[in-house]
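Structure record follows, encoded as structure tokens.
The values are calculated or read from the model by the stated rules, or taken from the named source; none is laboratory data. Values in this document were obtained by computation on a predicted structure and should not be read as measured data. Virtual Cβ from ideal backbone geometry, glycine too; neighbours counted across all protein chains shown. When the accessible area is computed, the model is the full protein with side chains, heavy atoms only, and any ligands, DNA or RNA have been set aside. Shrake-Rupley method; radii C 1.70, N 1.55, O 1.52, S 1.80 Å.
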Amino acid sequence: MKLNLTHLRATAVAFAATLAVSTSPVQAADLPCSTAKLIVPWGPGGGTAVIFGIFEKAIEASASPVKIKVVTIPGQGGGAGAKEAHAAKPDGCTLFAIHQHLVVNYINGVTDFSWDGFEPVAMLTDTPEIIGAGGHVEYDSLEDMLAAAKANPGGIPTGVSMGATSHFLWIMLGSKTGTDYQYVPFQGGTAGRITGLLNGSIDLGGINMAAARTQRDDGALKAFAIAADERSDLIPDVPTLKELGVDMTYSLTRGIMLPKGTPQEFVDYWAGVFKGPTEDADFVAEQAAKGTEVLYLGPEEYAAWWKDTEGEFLDAAKELKVGRFQ
């Protein structure tokens, strides 16, 4: 994404200090509910549901007088849940858990609204994508992978969820490196793609941190690069794309939105509630065990991040004539 996450971490510290003065999770706004619904637009057991389940548990144990309940609404690559959240009453009692799927849904015409159809509340976690391959492929580095792709344009079977963020990972990598891939559609997210890599039905695909940590020792999977600003302490031997000459970062950066028109006092209230767990060492460690870094930004910084991020997605979609830009 265009905004450097190292810069975001620095600005997050300054913004958090300001937010701490104005927002306290124990000073509840006059919400008309004791428990708010948090819509996760994918099925139970997926990465986003797991991450926000940890938030649900933390907020339940906190001093917040209003708790949250995760409600999964799968379908349309996140679009079904997005539509329900978009249509919800702006009373502070319906929240929406999102990542970059929101702008991808817009590009693909699944929704007629993007991130600015909501009120940004807070960025919460960052999960960098990992460029992976099955153990059966001949190449052992990103350089060799790109050379193979250039020698066989559009010919290397690569697992994606068509039109979703996993698809845009390879679209944007192709845009940066002059490569193209044979996209093989997989349902079931990362788990399905990893199965495909393991059984040899695909050669390439994005893999998650858990797989990168546990399924490389026996040669079942390969990890060529992590699409982050810095190497991960969890897989320190895997270089970043930038180290390898590809000026690109790509991660699922999860956060919270509220329906458009929600009063600012409710936005600030929930920003404070979700900020609380991110300052707890045990909570941060629990998220890290899932391969996810905690990265908090409040409403204004989160809105700025969305504006820049959407711009990069739209630029790639226009260049490659994807979705509504065909």
Problem - Potential extension, S201-A61 segment - 0.36 nm per residue separation minus Cα distance - result: 45.9 nm
Problem - Lys pairs, segment 164-321 - Cα-Cα below 25 angstrom, 8 or more residues apart or on other chains - result: 16
Exercise for the section: In whole angstrom, note down how far apart the Cα centers of segment 49-122 and segment 296-311 are. Expected result: 16
Practice task
Lys and Arg at +1, Asp and Glu at -1: add these up for the other residues within a Cβ distance under 11 Å of G159 and post the number.
Solution key: 0
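Determine the sum of side-chain charges near V184: Lys and Arg each +1, Asp and Glu each -1, restricted to other residues whose C-beta is under 10 angstrom from that of V184.
On the way: positive: R193; negative: D203.
Residues close to V184 contribute a combined charge of 0.
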Completion exercise
Two pseudo-spin positions, 7 Å from Cα along C-beta at F325 and at A191, lie apart in nanometres by 3.4
Exercise for the section: First compute the accessible area of the chain with a 1.4 Å probe, then give the percent of it belonging to carbon and sulfur atoms. Expected result: 51
Fill in the blank from the handout: So, relative contact order of the chain in percent, Cα under 8 Å, 6 or more apart, is 28
Exercise for the section: Might you tell me the accessible area per residue for segment 83-169, computed with a 1.4 Å probe and given in Å²? Expected result: 32
